[in-house]
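Since every read-out is calculated from the coordinates, none of them should be taken as a lab result. Bear in mind the structure is a predicted one, so any value in this text is a computation, not a measurement. Please note: Cβ atoms are built from the backbone with ideal geometry, for glycine as well, and neighbour counts cover all protein chains shown.
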Amino acid sequence: MDILLKENERIDDLHRNGYAIIQDPKKFCFGIDAVLLSDFAKAKKDDVVFDIGTGTGIIPILMSAKTNAKKFFAIDIQEESVDMAKRSVTLNKLNEKIEIFHLDIKNVFDKFEKNSINVVTSNPPYMNVGGGIVNEYDSKAIARHEIFCNLEDIIKATSLLLKPSGKFYMVHRPNRLCDIICTLRKYKLEPKTIRFVQPYKDKEPNMILIESVKNANAFLKVLPNLIVYNKDRQYTDEINKIYYN
C-alpha cells in the first residue's frame, strides 16, 4: 500500500504485529511515556477504548496489537497530528478498528455520548501554565504544555465519558501527583494502581503511571518501580519486553 509521506516525515517500525507509524521529528515524535502507557493500560475483549490527545496515534495502534479491545477512538486538537495518525492507521490496515478525530476535548460531547466508554487513556501535556520552557515549534509546545487543555479538562471529560466502573489510564510526572489525585477524586475517579518509573535504579522517578476506576471504593496499590536503564545505559529486561515483546 502506497502511503504519501510529507516533507520531513518518516515511517518507524513499532516492533509489534508488523505495525509502523508515520512521524515528523520536526513536529513531535512519541516517547517512552506513550509506550509504557500502552503496556500499562488494560482492555478486555469487546471494550471500547478512547485516547485523549493521541498525537500521531501511537497508543491506540500499540494497544490494538497488545489487547483484544473491540474499538478505539482517539482525538487530538492538532490537525497535522491527526492527519499523520489517520495515515498510520491506514498504513497498518486498522481503519475498521481505530478512528481518529480532529476534536477539542472541551467539545468531545458534540460527537460522543456520555457513559459510553470502557477504557480511557491519556498521555497529556505535563507542564502547567508557567512550567518549563516552551519549544519553538508550536506542535511540541501544545503536546507538552497545558495550552489548549489542562489536567482538569481531561479528567472531567474522562469521568463523563466512562461507564460506571470504567477505567482511566494516564502517564504523568510525579511532581503533579497531588494535583492528579485531588482532581481524580473530585470527578469520582478513584486511583487504584500507581507505578513510578525511574530512568536508573539510583535516580528518582521522572514518570508515573496511574490507573483509576470510576465510582470505585478507596484502595490504592503501589507497584514496584519500573527501571528503564541498566548501569550500562541499555534497556532493562522489562523495558525490552515492553518494546520488543
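The calculated FRET efficiency for the pair E80 and N206, based on their C-beta separation and a Förster distance of 25 Å, comes to about 0.35. Pairs spanning more than 23 Å between alpha-carbon atoms, out of K106/K163; K45/K192; K106/K167; K86/K188; K44/K93; K71/K188: K86/K188; K71/K188.
Amide H contacts of I227 (H built 1.01 Å from N, in plane; Pro and chain starts excluded): Q198 sit under 5 Å, all sequence-distant by 5 or more or on other chains. The dipole here belongs to the stretch 10-244: it is taken about the Cα centre, uses +1 on the Cβ of Lys and Arg and -1 on the Cβ of Asp and Glu, and is about 760 debye. Taking all Cα pairs closer than 8 Å and separated by 6 or more residues, the relative contact order of the chain comes to 16 percent. Computed from the C-beta positions of N175 and L4, the FRET efficiency with R₀ = 35 Å rounds to 0.30. Once both labels are positioned 7 Å from their Cα atoms along Cα-to-Cβ, the gap between N217 and K106 label points is 3.9 nm. Taking a label point 7 Å from the Cα of D13 along the Cα→Cβ vector, which residues of the stretch 225-245 have an amide N closer than 17 Å to it? Backbone N within reach: 240-245. If you take the beta carbon distance between K186 and Y244 as r and set R0 to 45 Å, what does 1/(1 + (r/R0)^6) give as a FRET efficiency, to the nearest 0.05? Here the calculated transfer efficiency is 0.70. From the coordinates of this entry, semi-axes √(5λ) of the Cα gyration tensor in Å is computed, and it appears in (i) 33, 23, 20; (ii) 34, 18, 16; (iii) 25, 22, 19 under the label (iii).
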